Every structure is written in C-alpha cells, then in structure tokens.
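What follows is one structure encoded as structure tokens, with my remarks underneath.
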Amino acid sequence: MLAIRGLRKSFGGRVVLDGFDLSVEPGEFVALLGPNGSGKSTVLRCVVGLETPDGGSIEVGGNAAMVFQKIHLVGRRNALDNVCSGALGRLPSHRSLFFSADVREEAMRCLDRVGLADRALDRCARLSGGQQQRVAIARALCQRADVILADEPVSALDPQAAVQVMELLKALAGEGIAVVAVLHQPELAQTYAHRIVEMRAGVAA
Amino acid sequence: MTLTSPQESSVPRRRWPSPVVWIAVAVLLAVHVLAWQATEFSPAALIAGWDGMADFLAESLPPDFSVLGKSLEAAVITLYIGLLGTTFSIPFALALALLASRATTSAAWAQQAARAVLSFLRSVPDVVFALIFVTAVGLGPFAGVLALVFHNTGVMGKLWAEAMDESDRGPRDALKVTGASGPQIALHAVLPTVMPSLAGLLLYRLDVNVRSSLVLGLVGAGGIGFLINQSIKLFRFDEMVTHILVVLLLVVVVDQASGFVRKRLGA
C-alpha cells in the first residue's frame with residue numbers, strides 16, 4: 001500500500017533523510033519512533049507532497065491523508081464542514097462553493113465512525129483537543145484515505161484522549177487502512193502498533 | 001544557589017549606539033530644520049493674527065440653527081456616499097486581495113500585478129479621483145461614490161491581503177494534502193479563518209470613508225461638505241458652525257456604531 005525506497009532530503013545542507021526505506025501493507029499500523037530531528041515528520045510530509053524529496057521513490061496505492069499534531073482544522077467552521085473539506089480533492093470547482101447533500105451525507109458517516117455525529121454542527125474551536133483530532137481523522141476518512149499518515153497525533157492531548165485516538169487509528173487499520181504514526185511515547189507504540197520502526201539520523205535503525 | 005564568579009561568566013559590556021545611529025539622528029534633525037523653514041512655521045504669526053481668528057469666531061456664534069434641517073439632510077447624503085463607496089468596493093477589494101496574498105496565490109507574477117494595482121489605487125488620493133469623476137459625471141454625490149470606490153479598493157484590498165497573509169498556515173496545508181486546488185483552499189481554509197478580521201477592517205474603512213466623503217463634498221461631490229464650503233464662500237460662519245456640529249454628531253455616531261460591532265466580532 002505504501003512503499004518508500006531510498007528517500008533522501010536535506011534542508012540547507014543538513015541531511016535529514018539519508019536513504020530511508022519503509023513499506024506498509026494494507027491494514028498494518030506502523031509506529032515511527034526516534035529522537036527529535038531524526039526525520040520522522042519529514043518522511044510523512046514527503047509522502048503527502050508537503051515537502052519535495054531530493055531523491056528516492058514513494059509509491060502510494062491510493063489516497064494518502066495526513067493527521068497533524070496541531071490538528072489544523074478551521075476553528076471557526078463546524079465539524080461537518082471541516083470533514084466535508086476532505087472531499088475537495090475530488091470535487092470540481094463549480095461544486096465546491098457549497099457542499100452538496102451527498103458529500104454532507106458521506107461526511108456524516110465519517111463523523112459517526114469517529115463517534116462525533118452528535119457534535120456535527122459545533123464549531124471546531126469549541127471541541128476538546130481529543131474531539132478535534134477525531135474530527136481531523138474523520139476529514140481523512142472523507143478523503144477516502146487508503147493510507148493515513150499521523151504526525152504526532154496525540155502529543156498535544158491528555159492521556160485519556162490520546163488512548164481514544166490511538167484506539168481509533170488501530171480500529172481503522174483493522175478495516176484495511178495502512179496507518180503510519182510518528183509517536184513520542186514508546187509505550188503507546190508497543191500497545192497499539194503492529195510494528196515499530198526506529199529512526200536515527202535519517203535512516204531506519 | 002551560588003552566584004557565578006566573574007571569571008566564569010563576565011558581565012557583558014554596555015553597548016553604545018553605533019555611529020550609523022548618530023548620523024541618522026543628525027540627518028533627521030537637519031530634515032526637520034528644512035521642513036520648519038519650508039512650511040514657514042511661525043508661532044509668532046499665530047499670536048499676531050489672533051484677533052482675526054477671534055473675529056471669525058465672533059461672527060460664527062451663536063450658530064444659526066435655522067439651517068439644521070437642511071444640514072441633517074445633507075449629512076445623511078454624506079453618510080450614503082461613504083456607505084456606497086465602501087460597499088461597492090468590496091468585490092474589487094476581495095478579488096485583488098485574493099490575488100495579492102501569498103496565502104491564496106502562488107504565482108509570483110499575479111501577486112506582483114495585483115499589488116501594483118492596489119498600490120496605484122491607494123496612492124491616488126480620493127479627492128483627486130473625485131475631481132476626475134466630477135468632469136465625467138458632473139458635480140454631485142455620484143462622483144463622490146466613484147472616488148471612494150476606487151481609493152477604498154486600494155486601501156481595503158491591501159489591508160485584507162495582509163490579514164490573509166497572516167492567517168495560520170496549518171489548515172491550508174491540511175487542505176492541500178486532500179488535493180484541494182488553490183481557489184478551494186482560499187474558499188474553505190483562508191476566508192473562513194480571516195472573516196472576522198475582514199469584517200472589522202471593512203467597518204473601520206466605513207468609518208474613515210464617511211469622514212472622507214465630507215472632504216469630497218468640499219470639491220463638489222455633494223453632502224454636508226458642500227454646504228460647509230458654500231457657507232464659507234457666503235461668509236455665513238454661523239451657518240457653518242451648525243453644519244460642523246452636525247458633522248461632529250455624524251462622525252461620533254458612525255465611530256461608535258462601527259466600534260461596537262467590531263468589538264462584538266472580536267476583531
């Protein structure tokens with residue numbers, strides 16, 4: 001589902017990724033661990049196209065969606081609109097001014113999947129951190145993601161919310177989505193991930 | 001806790017301003033001396049001419065309130081000029097701001113072109129626009145509205161583009177990952193985020209434009225500014241004072257109203 005080979009990236013002469021390899025099967029939950037600056041986030045950002053790699057290859061069998069540490073929802077819009085925006089990539093311009101009924105129905109199913117259908121019309125800024133991160137995951141689902149890349153998805157959350165988000169990601173992997181999560185807590189990785197990849201100095205250790 | 005001895009970390013030396021700063025201060029002073037001379041700035045002349053101002057005030061008091069009805073009517077026209085001048089500039093300001101902001105436009109040439117248009121519109125004063133439009137549509141409020149639309153598009157477009165520039169990058173990145181196009185990101189990430197700022201700036205510009213439309217009246221664009229100009233030309237300073245009191249009222253009302261709404265918006 002996801003195959004990364006020999007990925008290289010440097011920022012201003014500082015080598016961040018030095019030939020990184022990773023392949024993830026559908027339904028697999030991989031945790032990326034490693035010290036700060038070891039290139040974990042850069043791998044994910046290269047996969048979704050937020051950074052351009054200097055070399056190597058990335059193959060994604062389907063849609064890749066991203067979940068961020070800082071969540072990055074539009075706080076002033078309600079949860080449903082935020083989830084709908086996951087569908088923008090497949091909507092033509094003339095249909096993206098207002099979301100049509102079928103997009104809203106699909107978005108409601110995604111919100112229901114993360115357990116927040118009852119908060120659909122609440123502004124995201126009024127939801128708790130854990131709820132916001134689940135809305136962000138629903139947005140990834142509305143993108144019809146085959147691969148979810150989560151960049152420290154629980155670092156900003158309290159322990160209880162972190163467990164909820166990790167369980168949700170694991171359950172989504174159980175439904176066939178390939179999940180790669182950058183984590184800072186080894187115990188969470190051991191509890192939830194199928195496989196742990198340690199990174200050090202831009203390569204898999 | 002023990003204090004570190006000077007050997008381990010010596011106290012940094014006090015740093016005096018560099019010669020560049022001294023030269024800059026000297027140049028600034030010199031420019032002020034030149035400006036003083038060029039503007040014939042002279043407190044003595046003000047004191048010597050004090051009686052002229054006293055005569056003027058004596059003639060203008062008490063105010064002639066018989067023109068109050070006419071004055072209020074004209075004040076409403078002034079308000080309308082400011083209102084339409086602001087409202088009709090919204091679509092142009094929005095389109096140019098979206099093109100000029102790096103949050104919504106990635107093509108450098110489009111950004112530069114939009115910024116050039118905005119800066120041209122901003123640098124031509126509204127009074128100059130009014131004089132130009134008076135030659136096309138004649139004396140009257142319509143010329144004033146057109147002048148404000150042009151000038152305000154330049155100012156508000158720039159303020160809006162800056163508000164968009166400062167918007168959080170995160171939601172934009174998140175939508176980029178979903179495969180959204182530039183216009184889709186502008187519509188679903190940037191605009192919803194900056195809407196309160198845009199509305200606040202709009203109200204601030206309404207406030208400024210109502211005051212500008214007074215000055216436009218002086219060059220023939222109608223409204224209460226026109227009445228003030230007329231009463232000065234006829235040496236009816238008592239009428240002028242009535243008009244000025246009405247202007248004061250108008251400005252305070254608009255200022256308070258826009259301040260109240262801006263506070264509610266939290267912008």
- First compute the accessible area of the stretch A:75-143 with a 1.4 Å probe, then give the percent of it belonging to carbon and sulfur atoms. 48
- Kirkwood Rh (inverse of mean 1/r, distinct Cα pairs), chain A, angstrom: 17.3
- Query: For chain B, what is the relative contact order in percent, using Cα pairs closer than 8 Å and at least 6 residues apart in sequence?
  - Reply: 26
- Virtual spin-label span in nm between residue A:105 and residue B:30, 7 Å along Cα→Cβ: 7.8
- Heavy-atom accessible area per residue, chain A, 1.4 Å probe: how many Å²? 43
- chain B - mean residue ellipticity at 222 nm from DSSP helices (-39,500 (n - 2.57) per run, n ≥ 4, rounded to 500): -25000 deg cm²/dmol
- Message: I'd like to compare A:119-126, B:165-172: which one has the highest average count of other Cβ atoms within 10 Å, and what's the full order after that?
- Response: B:165-172, A:119-126
- Message: Which positions within the stretch B:132-170 get 20 Å² or more of their accessible surface covered by the other protein chains, compared to the chain by itself, with a 1.4 angstrom probe?
- Response: B:170
- Isotropically averaged projected area of the protein assembly as shown, using the convex hull of Cα atoms (one quarter of hull area), nm²: 36.0
- Item | Per-selection Rg to Rh, chain B - Cα, Kirkwood hydrodynamic radius | 1.14
- Message: Using a 1.4 Å probe on the protein heavy atoms, what percent of the accessible area of the stretch B:75-265 belongs to carbon and sulfur?
- Response: 72
- Query: Please state the equivalent ellipsoid semi-axes for the stretch A:1-44: what are the square roots of 5 times the Cα gyration tensor eigenvalues, largest first, in whole Å?
  - Reply: 21, 12, 7
- What ranking of A:70, B:176 comes out by heavy-atom accessible area, probe 1.4 Å, highest first? A:70, B:176
- Query: For chain A, what is the charge dipole size about the Cα centre, in debye to the nearest 20, if Lys and Arg each add +1 at the Cβ and Asp and Glu each add -1 at the Cβ?
  - Reply: 580
- Message: Need one number: the % of Cα-Cα pairs in the stretch A:75-143 sitting beyond the 14 Å mark.
- Response: 50
- Query: Roughly how big is the A-B contact, given as buried accessible area in Å² (both sides, 1.4 Å probe, nearest 100)?
  - Reply: 1700
- Message: Using only the alpha-carbon atoms, how far is helix B:141-165 inclined from the longest principal axis of chain B? Give it as 0 to 90 degrees, nearest 10.
- Response: 20
- Note on the structure: For the stretch B:47-170, the per residue accessible area (1.4 Å probe, Å²) is 53
- Task: Let me have the 222 nm mean residue ellipticity of chain A computed from DSSP H runs of 4+ only, each contributing -39500 (n - 2.57), with the sum over all residues rounded to the nearest 500.
- Result: -9500 deg cm²/dmol
- Rounded Å value of the spacing that divides the Cα centres of the stretch A:1-43 and the stretch B:234-253: 72
- For the protein assembly as shown, give the share of DSSP beta bridges that are antiparallel, in percent and rounded to the nearest 5; count only bridges with both residues there. 50
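The values are calculated or read from the model by the stated rules, or taken from the named source; none is laboratory data. Because the structure is predicted, anything quoted here is derived from the model rather than measured. Every residue, glycine among them, receives a Cβ derived from its backbone with ideal geometry; neighbour counts consider all protein chains shown. Remember, those area values only see protein heavy atoms, side chains included, never the ligands or the DNA or RNA. Shrake-Rupley method; radii C 1.70, N 1.55, O 1.52, S 1.80 Å.
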